[in-house]
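Below: the structure, in structure tokens.
The values are calculated or read from the model by the stated rules, or taken from the named source; none is laboratory data. Every value quoted in this text rests on a predicted model; they were computed, and no experiment measured them. Every residue, glycine among them, receives a Cβ derived from its backbone with ideal geometry; neighbour counts consider all protein chains shown. These area figures cover heavy atoms from the full protein model, side chains too; ligands, DNA and RNA do not enter into them. Shrake-Rupley method; radii C 1.70, N 1.55, O 1.52, S 1.80 Å.
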Amino acid sequence: MKRIRLTATAVAASSLGSLGLAGIGASSAHAAVTPNTAFSGKGFDTCAAPSDAQMDDWYAHSPYRGVGVYIGGSSYLCKTGDSPSGGYTADWVQHQAATGWGMWAIYAGKQGPDLTAANADPQARGVEDGADAARQAQKLGFASGTTVFLDIEPYHEDATAHAVNTYMKAFADELTKGGYRLGVYGGSLNRATGHSVLGDLVADPSLSSLVAAVDIAGTTASQANFNATTNDQYVPSTMWGKHQRIHQYTQGASRQFGSTTLSVDDDVVDLAPTSHLKIDPSAQHSARWYGSDRVGTAVATSQQLWPNTTGNPADFYAPGDKRPQAKAAVLTRSDQYFDALGGSALAAHVGGPLLLTGTGALDPAAAKELARMLAPGATVYLLGGDKALAPGVEAAVHSLGFTTQRLAGADRFTTAVDIAGQMAKDMRDVNGNPAVQRVLLATAKDYPDALAAGTAAGATPDSVVVLTDGTNMPAATSAFLHQWAGGAAGANVYPVGGAANTAAKTLGAVVPGGNLKLNTLVGADRYGTAALVARQFFGSTGTPHVYGVATGVGWADALSGGAAMGSLDGPLLLTDPNALSGATSGFLHESAPTPARATPSCPPDPTKNPPTAAACSATPHAAPAATPPTAPSSPPSGAAALPRSQRGR
């Protein structure tokens with residue numbers, strides 16, 4: 001967080017949830033409001049407390065709904081004579097709580113240099129600071145049971161690691177006596193190469209068992225659309241995986257919303273089940289999203305995630321609605337999947353839904369949905385050339401008041417590269433230079449691997465998906481990989497499924513061997529591959545609040561559902577439409593939260609208009625008739641294209 005006091009001598013020694021709108025500008029003279037610390041979503045933290053007016057301005061105009069609150073500590077940099085917590089007073093907390101902000105409490109206590117100084121007593125200092133943190137949290141109005149995040153800045157020496165360990169255990173004991181729980185903020189490293197507070201926590205069960213949640217300091221530069229996850233390669237997904245993580249992914253970013261400019265750190269917060277969905281509480285373990293056809297299912301999925309537009313392109317939220325405003329949309333043809341395989345990732349990346357339409361004219365349902373949830377002037381991305389979406393479709397989108405951008409190549413491979421290139425324009429490394437960190441690779445001869453990969457790419461910062469021609473590597477894809485993954489410090493390339501894995505082995509010098517993650521995402525079948533992608537990019541019990549489950553023998557529902565899951569930072573899992581597949585069931589049994597199912601939709605049935613929900617749930621979307629096709633129970637991952645009624649993974 002860089003809000004910590006480290007003197008010159010210290011540096012030498014260290015060797016360096018559901019939120020409602022209670023009313024903007026609510027007065028602290030009202031009845032006391034307990035701060036909401038069960039929060040999930042986009043947040044920020046900053047050293048000194050912004051004014052109430054600035055916070056009100058940002059609540060009305062920014063993408064943030066959570067704020068880190070410094071409650072004090074001897075190493076806190078921004079304390080004043082009037083406030084040991086830099087303006088984060090009880091009145092300030094009350095005002096923000098009444099407005100609707102979620103919060104998490106941060107305490108900047110003793111650091112490594114303090115704990116290894118001559119005559120230092122880490123045990124005593126931990127007791128002292130733990131008691132003080134409990135007092136300050138109570139003083140500011142945080143309820144008993146709140147997690148207080150202890151800020152521990154980088155250290156490297158064995159002696160310092162031992163002192164910090166002793167300090168944190170004493171701090172945790174005293175904090176717990178005061179009625180609060182310990183959280184820890186800090187960096188993570190491979191423990192084989194050096195110390196870090198989170199790396200040391202992971203390695204010490206006697207300490208990690210005392211920690212209720214972690215705040216991971218992992219800078220990934222400014223993320224387009226504030227998209228980040230709480231995954232970390234050195235913090236196993238089996239630890240602090242049940243809504244027990246924050247990821248501070250950008251530090252010292254200058255942000256302006258409304259008339260207020262602040263220097264902040266960006267955070268993605270997962271301290272409660274998602275508040276971005278409307279879930280029927282009577283069916284809390286699953287929610288079925290579907291329409292009467294594939295176009296209707298895409299619209300129904302969009303309506304779950306994206307509220308009615310306020311009409312103002314600058315707005316991130318509408319008053320009283322916890323769901324963010326859509327900023328763009330992706331439109332693709334409803335009869336073929338070839339141009340659309342990168343569309344899920346793009347939709348999640350730009351912050352909007354993926355919708356389907358016929359090739360010759362804009363479907364009325366899609367047109368109505370665009371007008372409902374997009375502000376005038378928003379961009380609608382059209383996937384494929386004029387044969388995929390005719391000029392009349394584009395003209396109809398223009399007539400609704402939107403701008404268009406067509407992403408099209410000579411074939412499905414170059415179209416995917418164009419989509420990935422559009423996403424890459426927003427991606428930067430920690431120094432602000434253009435950089436793609438991960439490229440997922442999937443076959444375009446079939447759709448399931450690419451659908452799972454597209455969801456992961458949309459949810460994971462600085463990630464894209466491109467395509468192979470079965471086991472062959474197209475020239476356009478090879479060139480893209482060479483551009484972004486061709487150097488030793490380039491992107492990691494993850495082949496998804498057997499066909500892409502085989503194609504990746506032909507890259508030779510195009511991509512250094514160290515950047516190729518071969519054989520890691522190849523399941524026994526399409527369902528197993530999707531589960532492996534979910535584990536790799538979301539963790540078996542990591543980031544996800546929701547899990548999407550769609551048919552593995554039809555592409556349309558999984559395409560729009562994958563875009564939704566990418567926006568929600570959850571994986572897309574696939575299943576046989578008649579019984580939950582073994583690999584999918586196994587993954588879900590490792591995890592707890594709610595599956596949000598993009599269910600198979602059904603084709604028009606002349607005997608049922610509209611089709612019944614039962615018919616829709618039983619009929620795979622790709623079927624040419626109302627009778628479900630017979631699909632293989634375990635189609636191979638990366639297999640060549642199957643007959644139309646059996647395609648999928």
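Here is how the numbers come out for the structure above:
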read-out: Selection count, the range 345-372, where residues are surrounded by 21 or more Cβ atoms within 10 Å (Cβ to Cβ) and farther than 26 Å from Leu467 by Cα; value: 5
read-out: Leading residue by the ranking (modelled with the lowest pLDDT) among those in the range 185-206 that are closer than 19 Å to Ile106 by Cβ and touching a helix residue (DSSP H, G or I) at 6+ places or on another chain (Cβ under 6 Å); value: Ser188
read-out: Residue list for the range 486-502, filter: under 17 Å from Arg438 (Cβ atoms) and not in a loop (DSSP other than H, G, I, E, B); value: Asn492, Val493, Tyr494, Pro495, Val496, Ala500, Asn501
read-out: Qualifying positions in the range 136-151 - assigned to a loop (DSSP other than H, G, I, E, B) and open to solvent by 20 Å² or more (accessible area, probe 1.4 Å); value: Gly141, Ala143, Ser144, Gly145
read-out: Residue match in the range 65-85 (condition: within 27 Å of the chain's Cα centre (by Cα), within 23 Å of Val214 (Cβ to Cβ), of a type in the set (Val, Ile, Thr) and open to solvent by less than 10 Å² (accessible area, probe 1.4 Å)); value: yes
read-out: Count of residues meeting criterion [open to solvent by 10 Å² or more (accessible area, probe 1.4 Å) and of a type in the set (Gly, Ala, Ser)] in the range 434-450; value: 1
read-out: Per-region count, the range 243-264, residues open to solvent by 20 Å² or more (accessible area, probe 1.4 Å) and touching a strand residue (DSSP E or B) at 6+ places or on another chain (Cβ under 9 Å); value: 10
read-out: Selection within the range 477-492 - touching a strand residue (DSSP E or B) at 6+ places or on another chain (Cβ under 8 Å) and either at pLDDT below 95 or open to solvent by 30 Å² or more (accessible area, probe 1.4 Å) (or both); value: Trp484, Ala485, Ala491, Asn492
read-out: Residue within the range 518-540 that is in contact with a strand residue (DSSP E or B) (Cβ under 6 Å, 6 or more places away or on another chain) and open to solvent by 10 Å² or more (accessible area, probe 1.4 Å) present; value: no
read-out: Some residue of the range 176-197 being buried (at least 21 other Cβ atoms within 10 Å of the Cβ), of a type in the set (Ser, Thr, Tyr) and over 22 Å from Ala131 (Cα atoms); value: yes
read-out: Thr460 under 27 Å from Leu407 (Cα atoms) and polar (S, T, N, Q); value: yes
read-out: Qualifying residue in the range 109-127 (condition: more than 26 Å from the chain's Cα centre (by Cα), under 18 Å from Leu271 (Cβ atoms), open to solvent by less than 10 Å² (accessible area, probe 1.4 Å) and at pLDDT 95 or above); value: no
read-out: Lone qualifier among Thr404, Thr379 - being closer than 30 Å to Gly66 by Cα, of a type in the set (S, T, N, Q) and open to solvent by 10 Å² or more (accessible area, probe 1.4 Å); value: Thr379
